[in-house]
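The values are calculated or read from the model by the stated rules, or taken from the named source; none is laboratory data. Keep in mind that this is a model prediction, so the values were computed, not measured. Using ideal geometry, Cβ is built from the backbone for each residue, glycine included, and neighbour counts are taken over all protein chains shown.
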C-alpha cells in the first residue's frame with residue numbers, strides 16, 4: 001500500500017489502521033448468520049437489529065440493553081454523588097451527570113456503563129495491525145470498539161467514535177457470547193478490544209473475554225493504560241495480551257496533548273509486567289512535541305530498567321488529524337533515530353510502524369541478527385521462529401508465537 | 001459583549017450632550033473627552049424582575065403573570081414603555097430564532113414552559129413566524145420529560161433536541177475547545193436567545209448563561225475538569241455561538257443553591273424571578289452572587305471555601321475573551 005493510500009485510509013473513521021471496519025450491513029449479516037446458527041433465543045435482539053432501516057443520522061437506540069451497573073466506583077455520602085474508580089481521573093459525578101469518558105452515567109446514586117455490548121465499530125484485522133508483533137503472528141483478530149475514551153488526544157485518528165457519547169454514533173447490540181461465536185466463525189483466534197479506548201468499556205471486555213475463553217478464543221486489548229491498579233488487574237487480568245499506547249515520556253505532553261498523566265501509565269506497565277501479561281508498547285512520534293533524543297533515551301532507559309529489554313516497542317508515524325493538523329507527518333529519519341537510540345540503550349525489539357516496507361518492521365534475532373519474521377504491511381510473510389527460538393542460533397525469542 | 005456595547009446610541013449621545021453642557025460645549029476636543037469620561041462608567045445592565053405571586057396560590061407558574069414579568073424585565077432592560085418594542089429591537093421579521101433552554105435538571109429545575117411560551121408570544125408579535133422559532137436543547141426526551149412537547153413541522157413553534165438533527169461533522173475550535181456543534185444552532189438559528197436556569201453546579205460552581213452552551217456541543221463531558229475553566233469561556237468564543245447570541249433570559253423562578261445541576265428540592269428555593277441581560281458574563285456574575293447569598297442564609301460555605309468558585313466567569317471577562325464584564329463596578333443590577 002502506498003503511503004498516500006495508507007494516510008488516507010488511516011483517516012477514515014472508526015479504525016486505527018488502514019482498513020474500514022465491518023460496515024453495519026456486514027456486521028448484521030455476520031451477526032444474523034451466527035445467531036441463526038446458534039439458534040437460541042439469547043440472540044433475539046438481532047431480529048430487532050435486522051429491522052433497523054438504513055442509517056440517516058443516529059437512530060434512537062434502546063439504552064436499556066446496553067446499560068449495566070459499573071464495576072469500579074464508590075458511592076459518596078452526599079447528594080447521590082459517586083466517585084469513579086476506573087481511571088486515575090477519579091471523576092466525582094453528580095446525579096444525572098456523566099464522567100469525563102461520556103459513557104458512564106450516575107442515575108440516582110448508582111453508576112452505570114452505557115456501552116456494554118454496544119459495538120460501534122467492528123472489523124477483522126491482522127493482529128499485526130494492533131500492533132502486536134510477538135503475539136500469534138499471521139493471525140486475525142476480531143476487533144471491536146464502543147464509543148468513548150478517558151483522555152482526549154489531540155491527534156486521535158478515531159475521534160469520531162472515541163470522543164463522542166454512545167448515543168451519537170450508530171451501534172449494534174453484540175453480547176459477549178455473540179462476539180465469541182463470531183470470532184470463532186471467522187477463524188479469529190483472538191478478540192481485540194481496540195479503536196477507541198477499552199478502559200471505558202471494561203465491564204464488556206471482561207465478559208467478552210470470559211465468553212471467548214469458553215469458546216476457545218483469546219482476548220487482547222489495545223489501550224492507553226490510563227487506569228487504576230485494581231481495575232487494571234481485574235479487567236486486564238482476563239486479557240491474554242496487551243498493547244499500551246505510551247504517548248510520550250513527559251508529564252507536560254500528557255497534560256497538554258493527551259489530557260491525562262504519564263505516571264499512572266508507567267505504573268500500569270509495571271503492573272502488567274508483574275502480572276506476566278504479554279505486553280507491547282507503541283510510541284507515536286509527533287514532530288516537535290515528543291521526538292527529542294533525550295525523551296527517546298529516557299523512555300528506552302526506563303523500559304530497560306522497569307520492564308526489561310525484551311518488551312517490544314513500536315515507534316510509529318504520526319499523521320495530522322483531529323485537533324493537531326498543523327504538524328507534518330513524522331519524517332522517517334526521526335523514527336529511525338528513535339529506534340537507533342532504543343537499540344543503543346539495549347532494547348532488543350524496537351520497531352518502526354506506519355511505514356510500509358521499512359525493514360524495521362521485521363523481527364531480527366538479537367543474538368545472530370538474522371531475520372526471523374518478515375512483514376509486508378500488516379502481513380507476516382515469513383515466520384521462521386520455531387518453538388519460541390531462533391532457528392539459526394537457538395536464542396529464545398520472547399512472545400507467544402503459536403496458538 | 002463588552003460593557004461599552006450595551007450602551008444604546010441614544011444613551012451615548014445623551015451622555016455626550018450632558019458632558020458638553022457641563023463643560024460649556026466649548027469644542028470637539030472637550031466633547032470627546034467628556035464622552036470618553038462618561039463611557040468608562042457605562043455599565044452592563046442586568047435586570048432582575050420579581051413577582052412574589054408568580055404562582056398565584058398554587059405551585060406552578062401562572063402564564064399571564066409570567067408574561068407580565070417578562071414584559072417588565074424586557075421593558076426595563078431596553079428602556080421601553082411598550083412590551084413589544086424591546087423585541088423589535090432584538091429581532092427582525094424573517095430571522096429564525098432559537099431559544100436554547102435547559103432541560104438537564106429534570107422536572108422542577110428546568111426552563112419553565114410558561115416562560116418559553118411568553119417569549120414566543122412576544123417574538124411573534126415582533127414579526128417572527130411561529131415556525132421560525134425553535135425551542136431546543138440537546139435531547140428531545142429530556143425536553144419531553146420537563147414538559148416541552150416535541151413538535152416538528154407545521155406553522156407552529158418547533159420543539160426538538162439535537163438528537164433529531166445531529167451535530168455538524170466538522171469540528172469548531174477555539175483555545176482548549178474542539179467540538180461538533182448542534183445543527184440546530186448552525187442551520188436553524190440566525191439569532192440565539194439563551195434561556196438558562198439559575199443553578200449551583202457541583203463542578204463549575206454555578207451554571208447559568210455561559211455554561212448553558214455546553215448543551216450546544218457533542219462532547220460536554222470533556223470540559224468539566226478544572227471547574228470547566230477555561231473551557232466555558234473558550235466555548236462561548238466560537239463564532240457560531242458568539243455571533244448569534246443576542247440576549248439571555250435566565251429563568252430564576254426556581255433556583256438551586258447546592259447539589260446542582262440536578263433537581264434536589266431540599267436545595268432549591270422559589271425565587272420567582274427572571275434575570276435578563278445582553279451581557280452573559282455580567283448576568284453570570286450577578287447570579288453567582290445571588291446563589292452565594294442563599295448559601296450564606298442556609299449556613300453553607302461559600303463556593304470559594306467549597307473549592308469550586310466559578311473562575312470561568314473571570315476568564316470569560318479577561319483580555320483574551322472579552323465576552324462581558326465581571327467587574328461589579330461595571331454592572332448595573334436593576335430591580336424591575
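At a glance:
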read-out: Residues satisfying the stated conditions in the stretch B:293-305, i.e. under 25 Å from the mean Cα position of the chain (by Cα) and under 10 Å from residue B:200 (Cβ atoms); value: B:294, B:295, B:303
read-out: Checking residue A:163 against (1) within 14 Å of another protein chain (Cβ to nearest Cβ); (2) touching a strand residue (DSSP E or B) at 6+ places or on another chain (Cβ under 6 Å); (3) surrounded by 24 or more Cβ atoms within 10 Å (Cβ to Cβ), the condition it does not meet; value: (2)
read-out: Filter pass, residue B:283 being in contact (Cβ under 8 Å) with a residue 24 or more places away in the chain and within 26 Å of residue B:63 (Cα to Cα); value: yes
read-out: Candidate set: the stretch A:90-104, residues that are modelled with pLDDT of 95 or more and crowded, with 24+ Cβ neighbours inside 10 Å; chosen: the one nearest to the other protein chains (Cβ to nearest Cβ); value: A:102
read-out: Conditions (1) within 14 Å of chain A (Cβ to nearest Cβ); (2) more than 29 Å from residue B:64 (Cα to Cα); number of the one not met by residue B:267; value: (2)
read-out: Candidate set: the stretch A:237-260, residues that are under 18 Å from residue A:134 (Cα atoms) and out of contact with any helix residue (DSSP H, G or I) (no Cβ under 7 Å at 6 or more places or on another chain); chosen: the one nearest to the other protein chains (Cβ to nearest Cβ); value: A:245
read-out: Residue list for the stretch A:215-235, filter: in a strand (DSSP E or B) and within 19 Å of residue A:115 (Cα to Cα); value: A:219, A:220, A:221, A:222, A:223
read-out: Condition check for residue A:107: closer than 25 Å to residue B:223 by Cα, within 9 Å of another protein chain (Cβ to nearest Cβ) and surrounded by fewer than 24 Cβ atoms within 10 Å (Cβ to Cβ); value: no
read-out: Qualifying residue in the stretch B:212-234 (condition: closer than 30 Å to residue B:75 by Cα and within 13 Å of chain A (Cβ to nearest Cβ)); value: yes
read-out: Selected residue (criterion: surrounded by the fewest Cβ atoms within 10 Å (Cβ to Cβ)) from residues of the stretch B:165-179 that are closer than 12 Å to residue B:240 by Cα and at the interface with another protein chain (Cβ under 8 Å from one of its Cβ atoms); value: B:173
read-out: Every residue from the stretch A:73-89 that is part of a loop (DSSP other than H, G, I, E, B), surrounded by fewer than 21 Cβ atoms within 10 Å (Cβ to Cβ) and more than 11 Å from chain B (Cβ to nearest Cβ); value: A:77, A:85, A:88
read-out: Residues within the stretch A:274-313 that are in contact with a helix residue (DSSP H, G or I) (Cβ under 9 Å, 6 or more places away or on another chain), under 18 Å from residue A:250 (Cα atoms) and assigned to a strand (DSSP E or B), tallied; value: 4
read-out: Check on residue B:182, over 21 Å from the mean Cα position of the chain (by Cα) and either within 14 Å of chain A (Cβ to nearest Cβ) or modelled with pLDDT of 95 or more (or both); value: no
read-out: Among (1) at positive phi; (2) outside any loop (DSSP other than H, G, I, E, B) - the single one residue A:212 does not satisfy; value: (1)
read-out: Selection within the stretch A:323-382 - free of Cβ contacts under 8 Å to residues at least 60 places away in the same chain, within 14 Å of another protein chain (Cβ to nearest Cβ) and within 24 Å of the chain's Cα centre (by Cα); value: A:325
read-out: Test: residue in the stretch A:125-145 that is buried (at least 24 other Cβ atoms within 10 Å of the Cβ), touching a helix residue (DSSP H, G or I) at 6+ places or on another chain (Cβ under 7 Å) and within 14 Å of chain B (Cβ to nearest Cβ); value: no
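Okay, residues lined up against (1) in a helix (DSSP H, G or I); (2) surrounded by fewer than 23 Cβ atoms within 10 Å (Cβ to Cβ); (3) away from chain A (no Cβ under 11 Å); (4) modelled with pLDDT under 95:
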| position | (1), (2), (3), (4) |
| --- | --- |
| B:192 | no, no, yes, no |
| B:200 | no, no, no, no |
| B:203 | no, yes, no, yes |
| B:206 | no, no, yes, no |
